[in-house]
Every structure is written in C-alpha cells, then in structure tokens.
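Undergrad: Here it is, the structure, as structure tokens.
The values are calculated or read from the model by the stated rules, or taken from the named source; none is laboratory data. Since the model is a prediction, treat every value here as computed from it, not as a measurement. Neighbour counts run over all protein chains shown; Cβ positions are idealised from the backbone, glycine included.
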Amino acid sequence: MIEIDGSYKEGGGALLRVSTALSALTGKKFLVKNIRAGRPKPGMMMQHLNSVSTIGKISNAQITGLELGSTQMEFIPGKLKGGKFQVDVKTAGSISLILQALIIPAIFTPEGVKITIKGGTDVRWAPSVDYLRNVTLPILQSMGVSVDLKLLSRGHYPRGGGLVKAFIKPVKKLKTLNVHELEVDVIKGISHSTQLPRHVATRQADSAQKILHSAGYDVEIEIESEGEALSPGSGLVLWSEHGGKSIPRVGASCLGKPGKPAEVVGREAATEILSCISRGAALDQYMGDQIIPYLAIAGSSSVKVARLTNHTITNIYAAEKFTNRNFTIKSSSDEVTVIEVE
C-alpha cells in the first residue's frame, strides 16, 4: 500500500487528483492522509469528490473515505474500463481540474471515455477551459494523447453551470517529450464575456493587443459574448504559437471581476505572457506541473519550464511514488528549470 502525505509541499487538491489518477493507471492501491491540509478549509470539496469518484468508476475501484470534508482516503483500483459518464459538480468547481485528472487513466481504457461535466469553466485557482483547449491539449497531443473537447456553455463563480463534453480517445503508448527552447511568431487568444455587454470582451482584447503589438508580436484574439449563464463573468486567455505547431507554446490568462476594468484584465494577461516568453522556456509554469504524470508514463523525456513551482514538485512526488521513475531538476539563476525523467 502506497502512502501519500496530503500536506506535502502545496498541500492542495492536486496531490489527491494526481495520486488517484496514477493509482488507477498503475493498479497500485494507496492511502492518503492530511488531504488538503495546506488549505483554509482542509478535506475534500465537491470538485475533489467528483474527480475521485469518476476515476473510481473507470477503474472499478474500492474507495474508503470518499465524502465531503474527509481528510483521509483509501483507494484500491481494479481493471480500467471506458464508457459514458456524467458529472455535475453542483458548484463552480473547476471542470478543467477534473478533466486533467481523468485524462491520465482514461487514455489507457480499451474504448476511451466520453464524459459530460457541469461546473465551472472559468474560475480562480484553476486553468480555464480555453487554456485546456489551446495549451494543455495541443502539448499532450504531441505525446499521442487525443481529446475532443466541446465547450457548450460557460460557468463562472459562484453558481457555475458551465457545460463541457469530451471524448478521451484510447492510446497504446505515449511518445516521449523533449522540448526546451520557445519560439513564437504569433500570440493568439480568446476574450469572452458572459451575461455582460460584448464591449467588455472587446475592451479586454484591445488592451492586450495594444501591449503585445508594441512588444513586436502579431496578435489574433477572438471575441466571444454569451447572454445565457447562471453567473456573469469575463476573461481573457492568451497563448503563443510557432508555425502552427502544437509545441512549444506557453499561455497566460486573467479573469474579470466586479470593479475590475476590462482594460486591466487585458493588461495583466498580456504582461503575464510577455514575462513568460522572456524566459525562453518551451512550457509555462502551469504546464510544468500538468506535464509531470505524462513524462512519468512515457519516460526518457526532458522539458524546460518557465518557473519551478510547488505544484510541480508535488506532482513529481506523486509520480515517483507510483511509477518508479526518477526525476531530475536543473534550475538556473533566473528560475528557468529543466526537468528530466529517466
């Protein structure tokens, strides 16, 4: 039985999600204690409950301690199976975080997984669905992962209600990933406003475009405006591309909130991606932690990330526990980091 300390490093839900996903994939049972001990409200919340429950269904797992507020859980996986699933988070809990965890074992099911998830698509402390579609999935595609993702409606804090459908296709083996230097010839983006005037999304985009143009980049930002939603909201996601290839690319984002001018949203997203680009690393800090389980599965890989975070270190901790891979971290003085796995 593998034991996981849920308070390790960032002490959040990522350790629970990644451990459960890798347990389902490898067939190794585990016990996790101190779940989300580093958070103001420790223990499982709805998003974590749904992540573990869905992974449990596709792995025929026996689960003890699967309840709201639980700080300890035992997970005993069985044989992986695909099929159709539906998840309703019932809050603005992140759809992207659930999908991130689910994809890891789902790609190795015999028939793949079709899933419909209702929850938050654009919420704080989580990658937006646009980042998932335009940064995460293209990079994973270069390793052989294939996910068809459809955004049917957006869900913002506090009521959520966003709707996403995904088909996670089965693969037999992941390709290794060796990517270091960032190349950029265009910055693309999506600026959206939901249950708000269209000019909010336009102003976000115009503000970002002005800054990025002045930095010498070609810019293409789509405007999306929806009237139907449970909660109003807005946001801007930007990502880099080079020659239309899936890698390398980095991303950045900013969400609107009451009292925050649309121009500030655009400026913050643009400033963040320019800062990331200036480091010259092939992956941004967010993709740096998301890629860890896949590097562990594929082996013999090496990537350069813009900044080493506690999330990344935490995911390495989990990956080494379940896969017997050895990770090496090489950091330079400007925090750009090369992560290698044997």
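Undergrad: Could you please find all residues in segment 220-254 being farther than 20 Å from Arg267 by Cβ, in contact (Cβ under 8 Å) with a residue 40 or more places away in the chain and among the small types (Gly, Ala, Ser)?
TA: Passing the criteria: Ala229, Ser231, Gly243, Ser246.
Undergrad: Just need a number here: residues in segment 274-324 that are part of a helix (DSSP H, G or I) and in contact (Cβ under 8 Å) with a residue 40 or more places away in the chain.
TA: Taking segment 274-324 as the starting set, the residues that turn out to be part of a helix (DSSP H, G or I) are 274-279, 285-290, 292-298, 310-323.
Narrowing further to those that are in contact (Cβ under 8 Å) with a residue 40 or more places away in the chain: 274, 277, 279, 286-290, 292-298, 310-311, 313-315, 317-319, 321-323.
So the count comes out to 26.
Residue-by-condition table, conditions (1) in the same structural domain as Leu137 (by TED's automatic domain parsing); (2) of a type in the set (Phe, Trp, Tyr); (3) over 19 Å from the mean Cα position of the chain (by Cα):
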| position | (1), (2), (3) |
| --- | --- |
| Arg267 | no, no, yes |
| Ile273 | no, no, no |
| Gln290 | yes, no, no |
| Asn310 | yes, no, no |
| Arg325 | yes, no, yes |
| Thr337 | yes, no, yes |
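Undergrad: Scan segment 231-273 residue by residue and report those that are in a strand (DSSP E or B) and within 24 Å of Gly93 (Cα to Cα).
TA: First, the residues of segment 231-273 that are in a strand (DSSP E or B): 233-241, 251-255.
Result: Gly233, Ser234, Gly235, Leu236, Val237, Leu238, Trp239, Gly251, Ala252, Ser253, Cys254, Leu255.
Undergrad: Tell me which residues, restricted to segment 101-151, are hydrophobic (A, V, I, L, M, F, W, C) and assigned to a helix (DSSP H, G or I). Spell out how you get there, then give the answer.
TA: Taking segment 101-151 first, the residues hydrophobic (A, V, I, L, M, F, W, C) are 101-104, 106-108, 113, 115, 117, 123, 125-126, 129, 132, 135, 137, 139-140, 143, 145, 147, 149, 151.
Answer for segment 101-151, where residues must be hydrophobic (A, V, I, L, M, F, W, C) and assigned to a helix (DSSP H, G or I): Ala101, Leu102, Ile103, Ile104, Ala106, Val129, Leu132, Val135, Leu137, Ile139, Leu140.
Undergrad: Would you check which residues across segment 160-173 are more than 11 Å from Asp122 (Cβ to Cβ) and either assigned by TED's automatic domain parsing to the domain that holds Glu224 or in contact with a strand residue (DSSP E or B) (Cβ under 9 Å, 6 or more places away or on another chain) (or both) and list them?
TA: Step one: of segment 160-173, the residues more than 11 Å from Asp122 (Cβ to Cβ) are 161, 163-173.
Of everything in segment 160-173, those that are more than 11 Å from Asp122 (Cβ to Cβ) and either assigned by TED's automatic domain parsing to the domain that holds Glu224 or in contact with a strand residue (DSSP E or B) (Cβ under 9 Å, 6 or more places away or on another chain) (or both) turn out to be Gly161, Leu163, Val164, Lys165, Ala166, Phe167, Ile168, Lys169, Pro170.
Undergrad: Given the criteria assigned by TED's automatic domain parsing to the domain that holds Ile168, free of Cβ contacts under 8 Å to residues at least 40 places away in the same chain, in a helix (DSSP H, G or I) and farther than 15 Å from Ala106 by Cα, does Leu49 qualify? Outline the logic, then answer.
TA: Numbers: assigned by TED's automatic domain parsing to the domain that holds Ile168: yes; free of Cβ contacts under 8 Å to residues at least 40 places away in the same chain: yes; in a helix (DSSP H, G or I): yes; farther than 15 Å from Ala106 by Cα: yes.
Judged against the criteria, Leu49 is a match.
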